[in-house]
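Accompanying notes for the structure given below.
The values are calculated or read from the model by the stated rules, or taken from the named source; none is laboratory data. This structure is a prediction, so every number in the text was calculated from the model and none was measured. Glycine also receives a Cβ, built like all others from the backbone with ideal geometry; neighbour counts cover every protein chain displayed. To get the accessible areas, we keep the full protein, side chains included, count just its heavy atoms, and leave off ligands, DNA and RNA. Shrake-Rupley method; radii C 1.70, N 1.55, O 1.52, S 1.80 Å.
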Amino acid sequence: MMKAFVAGATGQTGYRIVKELVAKNIPVRALVRDLQKGKTLLPPEVELVEGDVLSPDHLATAIDDSTVILCATGAKPSFNPTEPYSVDFQGTKNLVDIAKTKGIEHFVLVSSICVSQFFHPLNLFWLILVWKKQAEEYIQKSGLTYTVVRPGGLKNEDNSNPIVMQGADTLSEGSIPREKVAQVCVESLFESSARNKIVEIISKPEASSQSFQELFQQVK
């Protein structure tokens, strides 16, 4: 039976991923740095585990008997120049290393479009896209089954615009509601055509509506 471990579970995208998993009756263990915040934000049936992706000693215990991992951690803009390196790369690397020892069946990483563009303005924030790209490459070389989801600009308000999904380094602009990012992450666990792929996603009013199966299948 599938059991999901979610890192970054109280973040804006992470808690939507948790809600999406719960709606599909998938048991969830949520990694939270603040138990009180987790209790306030997340559905009551979620198992909360206090910890941090930067403390690998506790991660193996935290993951416990989970079968899939969804990682929605991300550095927040700050004056700490090491934050993107530590959160977006080192934290993900810690998770990947432990996932390999645990025999995790599927690892889903939320990344970002434009990670391959070194001169993108976002890299002024301590090279955040560079470190996200390093994390992606680490997963690709790990031997784990993975899906890397690269959303466009994230919106907190949901809308009814259809999802546009393309392969790596093909979308450079556009936005998408976090709800839809969460849906793509969770659906990737069930779609065999989502395995070992990097998908870039935005939503557009003029796009034609497609099933998740069709969306993943068209990405080579």
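Go through segment 1-73 and tell me which strands (runs of 3 or more DSSP E), entirely inside it, have 1 or more residues that are among the aromatic types (F, W, Y) and under 16 Å from L95 (Cβ atoms).
Numbers: elements: 4-7, 28-32, 47-50, 68-71.
Of the strands (runs of 3 or more DSSP E) lying wholly inside segment 1-73, those with at least 1 residues that are among the aromatic types (F, W, Y) and under 16 Å from L95 (Cβ atoms) span 4-7.
Beta carbons closer than 8 Å, at least 6 apart along the sequence or on distinct chains, pair a first residue in segment 167-194 that is modelled with pLDDT under 95 with a second that is of a type outside the set (G, A, S) and open to solvent by 50 Å² or more (accessible area, probe 1.4 Å) for S172/Q117.
Screening F89, F125, F119 for residues that are free of Cβ contacts under 8 Å to residues at least 12 places away in the same chain, open to solvent by 20 Å² or more (accessible area, probe 1.4 Å) and either out of contact with any helix residue (DSSP H, G or I) (no Cβ under 8 Å at 6 or more places or on another chain) or of a type outside the set (S, T, Y) (or both) leaves exactly one candidate, F119. Scanning segment 191-204 for residues that are open to solvent by 30 Å² or more (accessible area, probe 1.4 Å) and either β-branched (V, I, T) or out of contact with any Pro (no Cβ under 8 Å at 6 or more places or on another chain) (or both) turns up E191, S192, R195, N196, K197. Across segment 103-116, the number of residues qualifying as surrounded by fewer than 17 Cβ atoms within 10 Å (Cβ to Cβ) and either of a type in the set (D, E, K, R) or under 16 Å from G167 (Cα atoms) (or both) comes to 2. Being out of contact with any helix residue (DSSP H, G or I) (no Cβ under 6 Å at 6 or more places or on another chain) and in contact (Cβ under 8 Å) with a residue 60 or more places away in the chain is the filter; apply it to segment 35-70 and report the residue that is farthest from V186 (Cα to Cα). So, considering only residues that are out of contact with any helix residue (DSSP H, G or I) (no Cβ under 6 Å at 6 or more places or on another chain) and in contact (Cβ under 8 Å) with a residue 60 or more places away in the chain, the one farthest from V186 (Cα to Cα) is D65.
May I ask you to verify whether D34 is open to solvent by less than 50 Å² (accessible area, probe 1.4 Å) and of a type in the set (D, E)? Steps first, answer last, please.
Working: open to solvent by less than 50 Å² (accessible area, probe 1.4 Å): no; of a type in the set (D, E): yes.
Considered against the rule, which asks whether it is open to solvent by less than 50 Å² (accessible area, probe 1.4 Å) and of a type in the set (D, E), D34 comes out as no.
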